[in-house]
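Below is a structure I'd like to ask you about.
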Amino acid sequence: AEAGAEAGAEAMALFTVLGSRGGQAVAVPSARDMGLLQTLTATMGPYYGWLRCCTAWLEARGVDPRTASVYAASLSASIASDAKAAAADPSRDRPQGEGLAGRAIFEALIGEQTKGGYNEQALRELEVDGVFGALDRALTNVHARWEGPCEAGASSQALGSRSTATLADEDTPAFGLDSWRARKGLIDRELGKLGVDTARDLEAQAGELSNSGHAQALRLYRSFVLPKSEGALASCEVPGRAYTVACQVSFALREAAAAQADWIVNVDKQRRRRLEPTQEEKPAQEGHRLVLVLDGLRSAENAGNLWRTAEALGPHAEVATCGATPRPPAKGLLKTAVGSAALVRHRHFPSGLEATEALKKEGYQVWGLETTQRSEQLFNVLGGVCTQALPKKVALVLGNEVCGVSAGCLEACDRLVALPMFGGKNSLN
């Protein structure tokens with residue numbers, strides 16, 4: 001006990017000296033608190049970096065370099081002096097500061113700035129750009145170094161085994177063990193923003209995940225906290241990486257939960273649609289065919305969405321692309337089609353007019369979907385006839401995102417229809 005008291009007194013004396021040199025002696029109750037306070041000394045470099053940025057901004061706009069540096073440093077010293085005085089006596093010159101402590105003091109100082117003024121604007125823009133979040137992460141990482149390298153056993157106990165039955169890599173060394181706590185805290189915060197509780201949704205189930213979709217989520221999580229290579233460690237330290245991995249973990253958990261709910265039917269996995277209809281599908285779809293004619297679309301993503309629409313209409317639907325309309329294997333199309341491109345018949349024509357003429361020869365009624373003075377409201381058209389009275393073969397022409405269906409193609413259509421638009425836009429796209 002005497003030895004511990006003596007060591008504590010020495011630590012207290014050391015920090016008092018450090019504090020005195022900084023202008024204020026601060027008594028701390030433990031070496032742990034001393035370590036946390038010592039972490040803030042790492043803000044000296046960022047502070048000078050802040051002054052450098054402000055000075056460089058003034059110099060770039062023609063201010064004399066000496067004037068710029070003296071003014072930036074003096075203004076900063078004045079602000080720091082005001083903050084120090086408020087921290088020492090929150091109620092001095094501020095009756096409303098009575099009883100304030102900690103960050104509430106600085107919240108009050110922020111609140112004193114003019115509403116809608118320059119200070120408020122600058123603070124808001126820095127917050128939006130994540131400057132203060134980056135400072136929080138930097139302090140967390142610095143403190144992890146202050147604590148020193150953790151024991152491998154401690155990290156395993158905190159995170160569970162690095163492997164499940166599907167991840168047998170217990171002998172694989174982890175990198176960045178001196179900062180794993182910082183990475184864990186970082187990704188836990190990002191997961192919390194997405195509604196994921198690490199202890200509840202990941203760690204508590206770690207022993208039951210060998211045959212579960214949750215294993216993927218746990219693997220992503222552990223790979224961020226305990227990377228297996230220097231390259232993986234460098235990737236983890238890229239700004240924004242924690243958020244990206246958190247989104248991947250959240251999606252993996254969501255996908256696993258959907259797979260475990262037997263009342264949710266995942267059609268893509270339960271039934272692989274073929275290009276020819278099944279016996280069960282034929283009675284409902286017999287005799288009705290639809291072609292989506294894409295006349296000069298420019299967006300591969302839009303084309304992919306229409307591919308998905310065609311697939312949802314069944315095996316009797318197909319797509320006809322015209323002109324410069326993207327078609328498989330365009331990358332953006334395949335991305336938004338999500339597997340539909342391989343399940344839908346498609347063909348290509350040089351122009352929408354040529355597609356219209358060719359489909360007419362095949363017996364299709366060609367309807368142009370466009371806002372014109374001649375167009376009928378599509379819902380009125382469909383409401384006026386029963387399904388059996390619809391043409392057995394219909395081609396629906398959709399046009400470019402900016403200029404719509406080409407005029408020549410519209411002239412050749414058998415009928416022009418339009419979707420009712422109640423907003424200010426002329427079309428859905």
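The values are calculated or read from the model by the stated rules, or taken from the named source; none is laboratory data. Model, not experiment: these values are computed from the prediction. Please note: Cβ atoms are built from the backbone with ideal geometry, for glycine as well, and neighbour counts cover all protein chains shown. Protein only, heavy atoms only, side chains kept; ligands, DNA and RNA dropped before computing areas. Shrake-Rupley method; radii C 1.70, N 1.55, O 1.52, S 1.80 Å.
Can you list the lysines whose alpha carbon is less than 24 Å from that of LYS335, not counting same-chain residues fewer than 8 positions off?
Filter leaves LYS269.
For LEU313 and GLU354 in the same chain, what is the full-extension length gain: residue separation times 0.36 nm, less their Cα-Cα distance, in nm? Working shown, then result.
Details: separation 41, 0.36 × 41 = 14.76 nm, distance 2.43 nm.
Gain on stretching LEU313 to GLU354: 12.3 nm.
Return a whole-number percent for the relative contact order of the stretch 287-335, with Cα pairs under 8 Å and 6 or more residues apart as the contact set. Display every interim value, and only then the final one.
Values: 74 pairs, mean separation 24.2, N = 49.
Taking the mean separation of contacting Cα pairs over the length of the stretch 287-335, I get 49 percent.
Whenever you get a sec, line up LEU333, LEU390 from highest to lowest accessible area (probe 1.4 Å, protein heavy atoms).
Ranked list, largest accessible area first: LEU390, LEU333.
Just the Cα atoms of the stretch 307-425: what Rg and Dmax do they give in Å?
Calculated on Cα positions, Rg and Dmax stand at 14.8, 41 Å.
Using amide H atoms built in the peptide plane, which far-off residues or other-chain residues are under 5 Å from ARG298 H to H?
GLU401
Amide H of SER351: which non-local residues (sequence gap of 5 or more, or other chain) have their own amide H closer than 5 Å, using H built in the peptide plane?
GLY323
On to the next question. Which whole-Hz ³J(HN,Hα) couplings does the stretch 331-338 yield from phi under the Karplus relation 6.51 cos²θ - 1.76 cosθ + 1.60, θ = phi - 60°, glycine and proline marked x?
Karplus values, whole Hz, x for Gly and Pro: 4, x, 5, 4, 5, 7, 6, 6.
Mind giving me the FRET efficiency for GLN121 and ASP33? R0 is 45 Å, r the Cβ-Cβ distance, nearest 0.05 is fine.
0.80
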